[in-house]
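Worksheet for the structure shown next.
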Protein chains: 2
Amino acid sequence: MHSIDFHAHHSPQGAYATFTCGRFGVGGGPTIEGTQPASMDLIVGYADGGTEDVHALPFFRGAGIADFSDFAMDAATPPRNRRLLLKDPERNYQRSVDTWTAGDFSFAIYTPVTPLPDPDRLGEAALAPALLPAVSARLTLTNSSTVARRLVFAITVGRPCRLADGVPGAKALAWGTDMGIAARDVPGLEAWVAFSELEYLTSNRSHLLGKTCGFALEVPPGETRSLELSFGFCRSGVVTTGLECRYFYTRFYPTLASVLAAGIEQHARLRALAEAQASELEQRIADEHQRFLLAHAERSYWGNTQLLEHAGRPLWVVLEGEYAMINTLDLSVDMAFYEARHNPWTLRNLLDQFAQRHSYVDRLNRPASSARGLELGHVRDPELVKDLILPPEASQLPGGISFTHDMGVAGQFSPAGTSSYEIAGVVGCFSFMTAEQLVNWILIAATYVLVSADEAWLGRKLPLLQDCLASLQNRDHPQPARRNGLVSHDSMRCAGTFEITTYDSLDSSLGQARNSLYLASKTWAAWHALRLLFERAGQAELARSASNSASLLERTLVDWYDPELGYLPALREGCPSAILSAVEGLCFPLFWGQRELLDPAGAQGPFLAQLERHLRAVLAPGRCLFPDGGWKLSSTSDNSWPSKIFICQHVAERVFGLRPDSKSHAAHASWQQLGCADWAMTDQCFAGVGKGSKYYPRGVTSWLWLEARDSAT
Amino acid sequence: MHSIDFHAHHSPQGAYATFTCGRFGVGGGPTIEGTQPASMDLIVGYADGGTEDVHALPFFRGAGIADFSDFAMDAATPPRNRRLLLKDPERNYQRSVDTWTAGDFSFAIYTPVTPLPDPDRLGEAALAPALLPAVSARLTLTNSSTVARRLVFAITVGRPCRLADGVPGAKALAWGTDMGIAARDVPGLEAWVAFSELEYLTSNRSHLLGKTCGFALEVPPGETRSLELSFGFCRSGVVTTGLECRYFYTRFYPTLASVLAAGIEQHARLRALAEAQASELEQRIADEHQRFLLAHAERSYWGNTQLLEHAGRPLWVVLEGEYAMINTLDLSVDMAFYEARHNPWTLRNLLDQFAQRHSYVDRLNRPASSARGLELGHVRDPELVKDLILPPEASQLPGGISFTHDMGVAGQFSPAGTSSYEIAGVVGCFSFMTAEQLVNWILIAATYVLVSADEAWLGRKLPLLQDCLASLQNRDHPQPARRNGLVSHDSMRCAGTFEITTYDSLDSSLGQARNSLYLASKTWAAWHALRLLFERAGQAELARSASNSASLLERTLVDWYDPELGYLPALREGCPSAILSAVEGLCFPLFWGQRELLDPAGAQGPFLAQLERHLRAVLAPGRCLFPDGGWKLSSTSDNSWPSKIFICQHVAERVFGLRPDSKSHAAHASWQQLGCADWAMTDQCFAGVGKGSKYYPRGVTSWLWLEARDSAT
């Protein structure tokens, strides 16, 4: 570890909830639907008998300052006791278990991951265990002193708390209607509400006006005791607008008390499961930095998941971290690798949602041949945009179906056929992603069908897939004879400007859709996706048509090489940047087990050779490597996204045998542990420092590392 | 006005909601269950055509700084337009109407007050119009320029907002599930969401990722237009714990859209009603400072009201301002004067709640004769308390029934028989108020019965009233022969310490219950309350017993006079402070129309003469007057509470003919407008500066000024 001083999500599954902690001196705590870490004061440790001095992990507010010897007095209570930092804390940050130890004290948080059963196949009740909206934790102390000590867990909620009843076998604390903590009831356990833990420890008396609550558990001299906690979340009623949805878990756990009861009842099972998962990953992955990245990414993914119920049916949502956009499709496509191995039905659910409510049909502009793109920068002011863009060469060209960037934001589903993100008439960020989202939907559909073998679904979606093929081909060129396999038009939804890609905040090397090497790579995969799906459905003619487009693109790409640069420039015209994402598309056939598409001796040989030459050329310092060994998506931008790096690394290793060195994993781990310590998993790192896409789910692309060497569906 | 730069609640009735604004440079906005003003950026004004410069009232963030000429650029948009302060804004702060004007622009907020109909007598549906959880406002501009202008109302909510449908005749904006704003739809109206109002005005385009929303309405040159707004609040589902309650208004307005629709539909009616109430008060009260205090107090009262539904029945709550305690009984007794004239059934509802769930029976300690009280200060640490208190002279003496200080805090009803506030074993603040709350319940019961003539309720409550009499007499002395009419014991709930009064944060002159001149005054009223109720119910013997205690107290008080001091000291032993609250108890017979109790020639003549002599003696600079002419509750504390001052002023004028001079009203108004400008009505003013009890409902005691000269029930 480069540092143990960083925040992490500790989240149940599908509850859009977290108990976030880990950063020194800034507190932490539980949230539901939070877009940033809570900053409640957090005291985790033990109190000496007599003085009631509290020895705590460095989470508590102010604990991050330099003098660790004798820190905080609490102004709200007489200074009869103190907060002291536990010396030399260590953190063992594993998959599903985050353990802090300091001397005889330890604190662990357990977040085992259970694949969500397919409710259509196994019945909705099968989801209940996986959806328990609770997080388990445990404090343990071996009291090697000669006086009694008390384990202490305290949290300053910032609003009045209460002692909650109705939790069998536990004492419980709660605030508001939707959050609380239960502790397994054992002899010597106290639950309390006070102005501070220091006040409670000297008075041993609750006061319901206090905004701090906690537990204390006596540990006699020479004994070892554990305080078992469950953090519970239960938000009932309608929680979204646009579509009125409830949390699916409320079917099984209708009240906070029922959540807390189940959390305590299942504590041992959850802990055992988490510990098994931690061990299993240690066995499977030797590199400690890779293990860290897997564990860190998975936590932030689940912290952004939300299984809702709409009109009686499950509705799957992954939120977009700090931005809180609902099911951002260009994230979904990358997270599909993870979901396909855990709960592929969520992909089906997502695809259906986009098909039913968040698709649209557009017409196209063919831009002027001298039209510029993202080198203009990001411009939102319509007056300025007017001066920047040229009238199109042709308008009202046939387009076709595509899908919106997202389904809304922050619990607000946007109107049907629209996203919260995309607006007309802007240059750069916030423009439409029509072509990319079409490609993304196709790629997720193929991933779902190839992993699940759900032929019935494929059959129902054939007309839509046929529309997708037509739409994507139109975006190449309405006249078949003039096609080259690439997206070369812009949706008229842009109102005269141009489409962008998921790399909205990057520079022109990755941000623009038209003539984009990145998008070409994924478009190639999409042509083959369509071919494979049509073949599977016995639609030979459609499969041939898709195959033709793939071949056109392969030829176009072979011609893309710029001998002066020595690699494929990021845009076919105009941008000489070197980018890694040229190979992103290869991840799909790799994941689908379509090895023949990746066979250097096969039909795609020249295409693959071109990409391999490119990748070997750009993976060099000054191009796509940072000085620390971290990978750099674009030679012309310091903004590099770990989630995308992981995909490129996977392709480099598994397709081209370019194994990323351990230094790169160490660098990427250090970005998260040092540069992004305030926000859990962060996906926009500027030379290793997190500046955007904080608290983000997309890092689970790292789970590609766990794909079998000989991947098959 | 001393200043127009202060916050005010603008609230519907019974919704615990407010649109607070008025303070310069700090924004404002709507909250539900808020314990402090919102701080959303707030832009209220108009935009010039062409430049789109915005001329706005000084609410917007940063507007309070010295240079008013050309203020804020918004970093999120290109600097093509600016925020300019409207010059020389004026504020006409009336009852129910708060109007800002600046040149040709005006902005008014309408909060008419409608007495809440008694649901038991008139049916629950009768409550619907009074409970509409919406606040009306109107922006008006006469465009005297030669270019088009747009009225602008914008608010930076700080989370993504949306354009809401389903509001007939209006355009609407909303965020979350429970708050929104509607504007009457007229030609030229635009509703939008953007990153800032400046961005919208130059792009005329919504962006659903924006965290600012607003309306714009075109005003052609030479024309006058109004933008009519309704701020809507609708929190559905269970909103409390302990007792699970919903907002009563959700019966009539189940959705935010239904609230907004009704708000627009009733806009004209509400405005007319508010304007009539404003005019009416102007007619009735000549002094502008008194009018201000009436209007300001009434707004903060309603902002703290919450009509809930529990188990199908209405449950009335007034929250305690920034502290958010539920139905604090020592506030209820003072607000009973206002409620009795508006909706006396809420008193019945409150009395029943306390009787059913928040009463208890205790036993008493008789403190050692040398026991000290609040001169020890406020001490919470049990170790320190142990050293301060003396063992009682006698313990386990018969006590009786009393009532808890409150019913819980911040939406959390405390367990039956307990409050959130009171704890055992503390000196001063947070100790029990057993005797005072018993007195308060008795006084509210008498007020309710005497105003409503609800003999049936009186009949049902006779056993409880009999218990109250016994309990209060025990607190004087268990042996009738040793009684003197005063509270002389402490509840054993205090665990050895002493009871306090509502004046918890004052010094020993007012904070301690035993031997308190303040509590003696109200205890006197309580004895007579019991006598009147028992007489009314034909319980002659009980009436006689209560009357005896009253006579004892009257004699005790006549002997209280200290010739050296020249007035009645605040405590019968030990505290020579001069206090105004000696006369508080007289307010009750005055309000009840029991003039014979206030007749100098009657049986109470010596008692009244003693109090009059006291009042005249202490109402002097250096004693109970501040240098600015404001009244000072205690000669030994700068902490003076307007709500209590108003009661004392009312007694001084109506009982003793000591008419408070206009200078005192001006001083009390200046405390709110200058010293408490950040928090709307504030009740703990330290030499005119608000330091506690902010955002507080109790100031409606000022409404005693509107009592008829010849008050009768």
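What's the extension gain from B:GLN36 to B:GLU455 if we count 0.36 nm per residue and subtract their Cα-Cα distance?
Extra length from B:GLN36 to B:GLU455 when fully extended: 146.8 nm.
How large is the helix-only mean residue ellipticity at 222 nm for chain A, computed as the sum of -39500 (n - 2.57) over DSSP H runs with n ≥ 4, divided by its residue count, in deg cm²/dmol to the nearest 500?
-9500 deg cm²/dmol
Where the centre of each part is set by its Cα atoms, how far does the stretch A:471-536 sit from the stretch B:322-342, in angstrom?
Each part's Cα centre sits 67 Å from the other's.
Rounded, prolate or oblate: which one fits the stretch A:1-46, using the alpha carbon gyration tensor with axes a ≥ b ≥ c (rounded when a/c is under 1.5, else prolate when a/b beats b/c, else oblate)?
prolate
Would you work out which of B:PRO168, B:THR224, B:PHE195 lies farthest towards the positive end of the dipole of the stretch B:17-282, given +1 charges on the beta-carbon of Lys and Arg and -1 on that of Asp and Glu, about the Cα centre?
Going by the Cα projections, it comes out as B:PHE195.
Could you pull the copy-to-copy label distances for B:SER369, with points set 7 Å along Cα to Cβ, in nm to one decimal and sorted shortest first?
Copy-to-copy label distances at B:SER369, shortest first: 11.4 nm.
Inter-copy label distances at A:GLY622, 7 Å along the Cα→beta-carbon direction, one decimal in nm, shortest first?
9.0
Classify the stretch A:320-706 as rounded, prolate or oblate, taking a ≥ b ≥ c as the square roots of the eigenvalues of its Cα gyration tensor: rounded when a/c is under 1.5, otherwise prolate if a/b is larger than b/c and oblate if not. Don't skip to the answer; put the middle values down first.
On the way: a/c = 1.18, a/b = 1.10, b/c = 1.08.
Rounded.
In this model, which of A:LYS211/B:LYS691; A:LYS461/A:LYS644; A:LYS211/B:LYS522; A:LYS87/A:LYS694; B:LYS461/B:LYS644; A:LYS691/B:LYS694 are farther than 27 Å apart at the alpha-carbon?
Violating the 27 Å limit, Cα to Cα: A:LYS461/A:LYS644; A:LYS211/B:LYS522; A:LYS87/A:LYS694; B:LYS461/B:LYS644; A:LYS691/B:LYS694.
Looking down the axis that turns B into A, which residue of B has the closest beta carbon, and how many Å out?
B:GLY237, 2
Using only the alpha carbons of the protein assembly as shown, what is the convex hull's orientation-averaged projected area in square nanometres?
Its Cα hull, projected and averaged over all orientations, spans 53.7 nm².
Relative to the present Cα-Cα distance, how much length would full extension add between A:VAL558 and A:LEU706 at 0.36 nm per residue of separation?
My answer for the length gained is 50.2 nm.
Using unit Cβ charges (K, R positive; D, E negative) and no other charged atoms, how large, in debye to the nearest 20, is the dipole of the stretch B:320-706 about its Cα centre?
Working: 33 positive and 40 negative charges, 112 e Å.
Rounded to the nearest 20 debye, it is 540 debye.
Between A:ALA603 and A:GLU535, what is the label-to-label distance in nm when each label sits 7 Å out along the Cα-to-Cβ direction?
0.7
Against the longest alpha carbon principal axis of chain A, how many degrees, from 0 to 90 and to the nearest 10, is the axis of helix A:605-618 turned?
50
When DSSP assigns beta bridges and you keep just the ones with both residues in the stretch B:17-282, what percent turn out antiparallel, to the nearest 5?
Taking every DSSP beta bridge with both residues in the stretch B:17-282, the antiparallel ones total about 95 percent.
Give me the percent of DSSP beta bridges within the protein assembly as shown that run antiparallel, rounded to the nearest 5.
That works out to approximately 95 percent antiparallel.
Report, in whole Å, the centroid distance computed from the Cα atoms of the stretch B:150-199 and the stretch A:608-649.
45
Measure nothing fancy, just the Cα-based angle from helix B:642-656's long axis to the longest principal axis of chain B, in degrees from 0 to 90, nearest 10.
Tilt relative to chain B: about 60 degrees.
Please rank B:HIS528, B:HIS668, fewest neighbouring Cβ atoms within 10 Å first, as an exposure proxy.
Result, fewest neighbours first: B:HIS528, B:HIS668.
Helix A:256-265: angle to the longest alpha-carbon principal axis of chain A, degrees 0 to 90, nearest 10?
Relative to chain A, helix A:256-265 is tipped by roughly 80 degrees.
Once you order the gyration tensor axes a ≥ b ≥ c over the Cα atoms, which shape class does the stretch A:415-513 get: rounded for a/c under 1.5, otherwise prolate or oblate by comparing a/b with b/c? Walk me through the numbers before you get to the answer.
Details: a/c = 1.96, a/b = 1.51, b/c = 1.29.
Since a/c reaches 1.5 and a/b is larger than b/c, the shape of the stretch A:415-513 is classed as prolate.
Every other copy gets compared here: list the nm distances from the A:ALA126 label point (7 Å along Cα to Cβ) to its counterparts, shortest first, one decimal.
The projected label point of A:ALA126 is separated from its counterparts by 5.8 nm.
If I model a spin label at A:SER395 and A:ALA128 as a point 7 Å from the Cα along the Cα→Cβ vector, what separation in nanometres do I get?
In this crude label model, A:SER395 to A:ALA128 measures out at 6.0 nm.
Roughly how many debye, to the nearest 20, is the charge dipole of the protein assembly as shown about its Cα centre, given +1 on each Lys and Arg Cβ, -1 on each Asp and Glu Cβ, and no other charges?
1140
If I take the Cα coordinates of the stretch A:477-519 and project them onto the principal axes, what are the three extents in Å, biggest first?
The Cα atoms of the stretch A:477-519 stretch 35, 24, 12 Å along the principal axes, largest first.
For the stretch B:149-283, evaluate the Debye formula with one uniform point scatterer on each Cα (no solvent term) and list log10 I(q)/I(0) at q = 0.12, 0.18, 0.22 Å⁻¹, rounded to two decimals.
Per q value, in the given order, log10 I(q)/I(0) is -0.56, -1.02, -1.24.
Using Cβ contacts closer than 10 Å as the measure, can you line up B:GLU573, A:GLU298, A:GLU275, A:GLU564 from fewest to most?
Final ranking by Cβ density, sparse to dense: A:GLU564, B:GLU573, A:GLU275, A:GLU298.
Can you list the aspartates and glutamates whose alpha carbon is less than 12 Å from that of B:LYS663, not counting same-chain residues fewer than 8 positions off?
B:ASP287, B:GLU288, B:ASP628
Based only on other Cβ atoms within 10 Å, what is the fewest-to-most ordering of A:LEU227, B:LEU376? Walk me through the intermediate numbers first.
Numbers: A:LEU227 25, B:LEU376 17.
Neighbour counts put them in this order, fewest first: B:LEU376, A:LEU227.
Using the basic label-point model (7 angstrom from Cα toward the beta carbon), what is the B:MET1 to A:ASP88 distance in nanometres?
That separation, rounded to one decimal, is 6.6 nm.
Dividing the Cα convex hull volume of chain B by residue count, how many Å³ per residue is that?
Dividing the Cα hull volume of chain B by its residues yields 150 Å³.
Tally the DSSP beta bridges in the stretch A:320-706 and give the antiparallel ones as a percent, rounded to 5.
Beta bridges within the stretch A:320-706, antiparallel portion: roughly 95 percent.
Taking the Cα centre of chain B as the origin, how large is its charge dipole in debye, to the nearest 20, when only Lys and Arg (+1) and Asp and Glu (-1) carry charge on their Cβ atoms?
About 600 debye.
So what are the radius of gyration and Dmax for the Cα set of the stretch B:17-282, in Å?
18.5, 62
Hey, in chain B, which Cys have no second cysteine's beta-carbon closer than 4.7 Å?
B:CYS21, B:CYS234, B:CYS245, B:CYS429, B:CYS468, B:CYS494, B:CYS575, B:CYS587, B:CYS624, B:CYS648, B:CYS676, B:CYS685, each lacking another Cys Cβ under 4.7 Å.
So if I take the centroid of the Cα atoms in the stretch B:120-141 and the same for the stretch B:668-706, what is the distance between those two points in Å?
Each part reduced to its Cα centre gives a spacing of 26 Å.
Once phi is turned into ³J(HN,Hα) by the Karplus curve 6.51 cos²θ - 1.76 cosθ + 1.60 with θ = phi - 60°, what whole-Hz value does each residue of the stretch B:47-53 show in order, with x for glycine and proline?
Going residue by residue, I get 10, 6, x, x, 6, 6, 4 Hz, with x marking Gly and Pro.
Any read-out appearing in this document is the output of simple, stated calculations on the displayed coordinates, not a laboratory observation. Remember, it's a predicted structure, so these values are computed and weren't measured experimentally. Glycine gets a Cβ as well: all are built from the backbone with ideal geometry, and neighbour counts include every protein chain shown.
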